[in-house]
There are 4 protein chains.
Amino acid sequence: MKTVLVTGFAPFGGETVNPSLEAIKPFAGWKTDTYTVETREIPTVFGKAIETLYAAMEDVVPDLVICVGQAGGRPDLSIERVALNVNDARIPDNEGNQPIDTPIVPNGPVGYWSTLPVKAIVHELRRHGIPASVSHTAGTFVCNHVFYGLMHYIAESQRPIRGGFIHIPYLPEQAARHPGQPSMALETVVKGLRIAIDVAFRQEEDIATSEGSIC
Amino acid sequence: MKTVLVTGFAPFGGETVNPSLEAIKPFAGWKTDTYTVETREIPTVFGKAIETLYAAMEDVVPDLVICVGQAGGRPDLSIERVALNVNDARIPDNEGNQPIDTPIVPNGPVGYWSTLPVKAIVHELRRHGIPASVSHTAGTFVCNHVFYGLMHYIAESQRPIRGGFIHIPYLPEQAARHPGQPSMALETVVKGLRIAIDVAFRQEEDIATSEGSIC
Amino acid sequence: MKTVLVTGFAPFGGETVNPSLEAIKPFAGWKTDTYTVETREIPTVFGKAIETLYAAMEDVVPDLVICVGQAGGRPDLSIERVALNVNDARIPDNEGNQPIDTPIVPNGPVGYWSTLPVKAIVHELRRHGIPASVSHTAGTFVCNHVFYGLMHYIAESQRPIRGGFIHIPYLPEQAARHPGQPSMALETVVKGLRIAIDVAFRQEEDIATSEGSIC
Amino acid sequence: MKTVLVTGFAPFGGETVNPSLEAIKPFAGWKTDTYTVETREIPTVFGKAIETLYAAMEDVVPDLVICVGQAGGRPDLSIERVALNVNDARIPDNEGNQPIDTPIVPNGPVGYWSTLPVKAIVHELRRHGIPASVSHTAGTFVCNHVFYGLMHYIAESQRPIRGGFIHIPYLPEQAARHPGQPSMALETVVKGLRIAIDVAFRQEEDIATSEGSIC
């Protein structure tokens, strides 16, 4: 029996909801024949976000970790490929911190690759009619911060944990207050996350199709 | 008892579905205390589209007509404000016609305003958490063609029919094949059309809030 | 000898420059073998804008009028095809007026077509390496207001004046303060306006190529 | 006397020009009181691109290297912050190679940071009225390939060479063939590259302003 940890973030930036927090709720206590899921809320606060994640990982001892975050303005589920060792906050976090150009892990590597099969996930999401893409930047705010922290933990632990980050669009009710912004229904996001977990468990190697960008 | 006619289009432009056709299906035979709904499929063909609409209007004798069409690339329900008297087809229609700069109604007026309370609809959609906006161009393809035909019929008939056009985004399964394009779940669209019908019946005058664009 | 009137707007919306005003300056007093150009600044104020335009038209007695306006966010020279009889101001004008859903000309027609050869202009601009497109909405602010006023004057006068409206992007120095927005160098805009004037004089009929939009 | 190496790429992807190649031409043999500039064309071919860059670096022995590349669809000068150790070609390069998910340097680090003062450059460009931004992804095509190769060379050499990558928009004549795409005049790009070189020489430390993105 495998264990999955799925995390979402507290609302930030003036929003009253965070789609990532709503999207993980249906997974709480979820069990299939091959895995059980644990969910955790991560505070949108530099430092505390990673501490909370690490406490959850010690508690849950997961085989697979998928952190989920809101990407206002993006139209699809974007499977992040790489985490970067930098904090550069355009807005303050939920406790007023706004680090600029600080490392997440001093002397840590510049970046960590996701260990999810990112292209296989995108391929399977699209096959199920869910808009998805590979992303080459998770930004420089708390999302990337937690993603880097996750991959650093996995690298240091030397355990065969698969880990990665998925950015999701605004919910329709958020986009209704931000005219012109795309959105995705909660049901579509939840269905997509379920597919991502399944693919991550059954697809050892990623598939070799181009999801590159020219620039 | 009032009667509503809601129309959707046949798939076009290489798509196998048209979200407008899917979105009107749940309304077939719909009855409330105050109105009943009739639905019709409109062919995506210049000329025949208007003929089909007119036949439906003679048959149904509606108090309210809402034509719905696909707007690939738009992120929200866009309530069209004006129909223009021009056909200018960027791609051929479903029978290979590609009129360029022809009038829809020779010697007809340049444009017709929607007689829906467009701002009240946008306001109420947003209040229900559904992304929406007022649009000032319905394009120059079969959607605008039908919209103009509808408003011309209403003007000529001198009957107090309310009429207008709503553009809707790609469905998620379409956007999954068009990376980067926004989409909207069918359930959200259907909920939105239901709200638009309700508002059109109960709101005699439109509300005075700006939904203008600078250019 | 023909006479051309070219107008630009005063800066608005917090900007310190208006690219349309900068772009018309080089045309002041311009003479070729076949035409001379007069330029005028139009205040970005509902009502006064049209009054100023009409005074200029009485003064100049032009054969061709091209009104130019700023379209922040657009990437190219957009040749407007139609003016609509509505004011719907998203922001106040330069004297604090913010009309909502008022007609520009009470009982005037819904719209007026540009009498410029819009597609021939777009074609020739592109041939000279200048990004251009046909636009089906000039917005609902002072630009559309002046455009409608211009076409109404021409229609009422029954004189064979050609008239139309061209929207232009931010200047680079404006876009430098609006990260993510496209811009166009002043030299490119000026070159483009010169081409538009030339085409308007030599091309009686517009060309029949599709510049339509699906929605 | 310092030496600068500035590189541009051969046209690719069906284009007949590459703005990066046009933009570096005026710098050929450029001399100021403090530095001289050498320019080189880089083939848009995986592998050969880095070989050509390395040969140029051995030849020129530069103190500063700025590689410039075309970013079709971007509206401004984007100063790249990080190069990633992956090739993932969405289209074939100029010799038909299309590597997917191969490392640029086997066992090389996941990423290298630019050693240009990226924020100081953006700040100074904007101050001079040139649209600019910090970018967190240089894509996964030949641009990122060369950028990673450059930073790897610098890291291995242990010489105090400053190096980085700047993506530039389409030229207007390219955007004229890609309706809807933003562009930048060659003169603006050249002025911007000149400013970038100046800032790179005089600004030892980068400035601490946020140019981060939330996602």
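No lab work stands behind these numbers, since they all come straight from the coordinates. Bear in mind the structure is a predicted one, so any value in this text is a computation, not a measurement. Because the Cβ atoms are built from the backbone with ideal geometry, glycine has one as well, and the counts that use them run over all protein chains shown.
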So what's the stretch B:130-197 giving for Cα Rg divided by 2.2 N^0.38 Å, two decimals? 1.34
Can you compute the modelled spin-label distance between B:Val61 and B:Thr16, with each label point 7 Å from Cα toward Cβ, in nm? 4.2
How crowded by other chains is B:180-187, given as the mean number of beta carbons from other chains within 10 Å of each beta carbon? 6
Out of C:Ala83, C:Ala138, C:Ala120, a Gaussian network model of chain C with alpha-carbon springs under 10 Å gives the largest mean-square fluctuation to C:Ala120
Could you check how many percent of all C-alpha pairs in the stretch D:1-92 are farther apart than 17 Å? 55
Under the Karplus curve 6.51 cos²θ - 1.76 cosθ + 1.60, θ = phi - 60°, whole-Hz ³J(HN,Hα) for the stretch C:166-177, x wherever Gly or Pro sits: 10, 8, 10, x, 4, 6, x, 5, 6, 5, 5, 9
With a Förster distance of 51 angstrom and the Cβ-Cβ distance between D:Trp30 and B:Arg127, calculated FRET efficiency to the nearest 0.05 equals 0.25
Integer Hz, Karplus 6.51/-1.76/1.60 couplings in order for the stretch B:205-215, x for Gly and Pro: 9, 6, 8, 9, 10, 6, 10, x, 10, 6, 7
Length-normalised contact order for the stretch B:118-210 - Cα pairs under 8 Å, 6+ apart - percent: 36
Other protein chain Cβ atoms within 10 Å, averaged over every residue that makes up D:33-42: 0
Compute a Gaussian network model of chain A, connecting alpha carbons closer than 10 Å, and tell me which residue from A:Gly192, A:Gly13, A:Gly180 fluctuates the most. A:Gly180
Helix-only estimate, please: 222 nm mean residue ellipticity of chain C, summing -39500 (n - 2.57) across DSSP H runs of length 4 or more and dividing by its residues, to the nearest 500. -9500 deg cm²/dmol
Give the nm distances, rounded to one decimal, from C:Ala208 to the matching residue in every other copy, measuring between label points 7 Å along Cα toward the beta carbon; shortest first. 4.8, 5.3, 6.8
Formal net charge of residues neighbouring B:Ile104 (Cβ-Cβ distance under 14 Å; K, R +1; D, E -1): -4
Row for the stretch C:2-202, column shape: gyration tensor on C-alpha, a ≥ b ≥ c, rounded if a/c < 1.5 i.e. under 1.5, prolate if a/b over b/c, else oblate; value rounded
Under 5 Å between amide hydrogens, which residues at least 5 positions from B:Ile42 or on another chain qualify, with H placed 1.01 Å from N in the peptide plane? B:Gly8, B:Phe9, B:Ala10
Beyond 27 Å between alpha-carbons counts as too far, so tell me which of C:Lys25/C:Lys119; C:Lys48/C:Lys119; C:Lys119/D:Lys191; C:Lys31/C:Lys119; C:Lys48/C:Lys191 fall in that bin. C:Lys48/C:Lys119; C:Lys119/D:Lys191; C:Lys48/C:Lys191
Take every residue in peptide B:74-85, count the Cβ atoms of other chains within 10 Å of its Cβ, and give the average of those counts. 4
Could you work out which residue, out of C:Gln98, C:Gln158, C:Gln203, moves most in a Gaussian network model of chain C, that is, has the largest mean-square fluctuation with Cα springs under 10 Å? C:Gln158
State, to one decimal in nm and shortest first, how far the label point of B:Arg194 sits from each corresponding label point in the other identical copies (label point: 7 angstrom along Cα-to-Cβ). 2.2, 6.1, 6.4
Alpha carbon centre of the stretch B:176-209 versus the stretch C:144-215: separation in Å? 33
What gaps in nm, shortest first, separate A:Val61 from its twins in the other copies when you place the label 7 Å past Cα toward the beta carbon? 6.1, 7.6, 9.7
For chain A: relative contact order, % (alpha-carbon pairs under 8 angstrom, 6 or more apart): 26
Excluding residues fewer than 8 positions from A:Lys2 in its own chain, the aspartates and glutamates with Cα under 13 Å of it are A:Asp33, A:Glu38, A:Asp63, A:Asp198
Tell me which of C:Ile207, C:His178, C:Ile161 sits at the most positive position along the dipole axis of the stretch C:127-209, charges placed on C-beta atoms (Lys, Arg +1; Asp, Glu -1). C:His178
Only four residue types carry charge here, +1 at the Cβ of Lys and Arg and -1 at the Cβ of Asp and Glu. Report the dipole size of the protein assembly as shown about the Cα centre in Debye, rounded to the nearest 20. 0
So, how do all the Cα-to-Cα distances of the protein assembly as shown break down into 20 Å bins, in percent, from 0 on up? 14, 43, 35, 8, 0
How much FRET efficiency would the formula 1/(1 + (r/R0)^6) give for C:Arg177 and B:Thr102, where r is the Cβ-Cβ distance and R0 is 51 Å, rounded to 0.05? 0.70
